[in-house]
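Here the structure is laid out as structure tokens; the discussion comes afterwards.
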Amino acid sequence: METTGSKLTDLTDIELVRMAAEQNQAAYIVLYTRYNVGVRSHISRYVAQKEDIEDICLESFQKAFSQIESYNPEYKFSTWLYRIARNTAFDYLSKHMREMTNMPTTSINEEIAELKELPATMHNPEEDIINQQEYDKWLTNIEKLKDDYRTVAKMNLIDNFGYKEIADALEMPLNTVKTKIRRAKAILLKMMDYSDELL
């Protein structure tokens, strides 16, 4: 068994995915071992609690393995897996915030759709690719913000925290939070090449 395991670890992701699609449990284990640390790290960008990160990590792998046959080998397996992990984390945050506020939450994708004046009902593969690219660019640009702007931008745009929740968490005056978020959005929109009129 150990010999088989050592051979499996030498295989490429695509070879392992092909075996996993044939219900080879050892291939699942190797993929999990290869990426679980990276997936946890990726999730920790959006979720703070260690227990939640662990749960989301396991759920992400369950989702990935349950739909392993849908993986397109033209793309890196890690990219596909991390996207599932991120979406799972966002689903968790959205549900968590709704439970806390009893209100529906909006995602950055929806905000981008509003900025581009795209009806929410319009969906096709090309738009999904565009939205994904825009979304990834949005996240990258948030990371480029200065510390104080980056913190409030992440809390508001990624974690969906309201102004008052951010003010309480950071022990910052409410008006200061509003100003920082507005400035952060203005900077982000310029980075994204959107017009300031969209603010």
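The values are calculated or read from the model by the stated rules, or taken from the named source; none is laboratory data. Nothing here was measured: the structure is a model prediction, and the numbers come from that model. When we count neighbours, we look across all protein chains shown, and the Cβ atoms used for this are built from the backbone with ideal geometry, even at glycine.
General observations
- Screening residue 43 against (1) buried (at least 21 other Cβ atoms within 10 Å of the Cβ); (2) touching a Cys at 6+ places or on another chain (Cβ under 9 Å); (3) free of Cβ contacts under 8 Å to residues at least 24 places away in the same chain leaves a single unmet condition, (3).
- The one condition from (1) modelled with pLDDT under 80; (2) more than 21 Å from residue 94 (Cα to Cα); (3) exposed (fewer than 15 other Cβ atoms within 10 Å of the Cβ) that residue 191 does not meet is (3).
- Filter result for residue 41 (among the hydroxyl-bearing types (Ser, Thr, Tyr) and over 23 Å from residue 151 (Cα atoms)): no
- When region 161-193 is filtered for residues that are over 24 Å from residue 136 (Cα atoms) and in contact with a Phe, Trp or Tyr (Cβ under 8 Å, 6 or more places away or on another chain), the ones remaining, listed by number, are 169, 174, 177, 178.
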